[in-house]
Structures are given as C-alpha cells and as structure tokens.
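Below you'll find the structure, written out as structure tokens, and then a few comments.
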Amino acid sequence: MAMIIDAEKCPQNHVCPLIAICPAEAISQDGTGLPEIDSDVCVECGECAVHCGMQAIYAD
C-alpha cells in the first residue's frame, strides 16, 4: 500500500499543512507546488488522508 496525492484535487497554492501533521516526516513540498510523499519513509498511518481538507490523499 502507498499513500497517493491526487494532483487534480490538491490546490497547490499554499504550503501544505499536512507536512507538520505527518508523524514520519514523509511529506515534502517545493514552494507551493504539489506535495510529495516519500514512500521509503511513509509508515502508511493515514493521518495525512484523514486531515486533508481537499480529500486529495488516498491509500493505493
């Protein structure tokens, strides 16, 4: 399983608040672009999906 960010749903116009929520520090972002989830670091806890107001993150 991997956590996926849907670029169609993610507004990409602000610093992603999920960066601070991720307990594994697996989410990074360049400026205000599309955030990325490092699958090698992600523990697949689902906290990002629960807290994403745009419902742009899901488990694959």
Length-normalised contact order for the chain - Cα pairs under 8 Å, 6+ apart - percent
47
Which value, in Å² and to the nearest 10, is the accessible area of Asp40 when all protein chains are kept and the probe is 1.4 Å?
140
Residue-count net charge about Leu18 - beta-carbon cut-off 12 Å; Lys, Arg +1, Asp, Glu -1:
-3
Asn13 paired with Asp38, simple spin-label distance in nm, labels 7 Å along Cα-to-beta-carbon:
3.0
Evaluate the charge dipole of the chain about its Cα centre and quote only its size in Debye, nearest 20, assuming +1 on the Cβ of each Lys and Arg and -1 on the Cβ of each Asp and Glu.
240
What does the extension gain come out to for Met1 and Tyr58, with contour length at 0.36 nm per residue minus their alpha carbon separation?
19.5 nm
Normalised Cα Rg of the chain, dividing by 2.2 N^0.38 Å with N its residue count, works out at 0.97
Would you mind getting the accessible area per residue of the chain, heavy atoms of the protein chains only, 1.4 Å probe, in Å²?
65
Sorting Gly53, Cys42, Thr32 by the position of each Cα along the dipole of the chain (Lys, Arg +1; Asp, Glu -1; all at Cβ), the one nearest the positive end of that ordering is Gly53
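The values are calculated or read from the model by the stated rules, or taken from the named source; none is laboratory data. Here the structure is a predicted model, which is why all the values come from computation and not from measurement. Because the Cβ atoms are built from the backbone with ideal geometry, glycine has one as well, and the counts that use them run over all protein chains shown. SASA here: full protein model, heavy atoms, side chains in, ligands and nucleic acids out. Shrake-Rupley method; radii C 1.70, N 1.55, O 1.52, S 1.80 Å.
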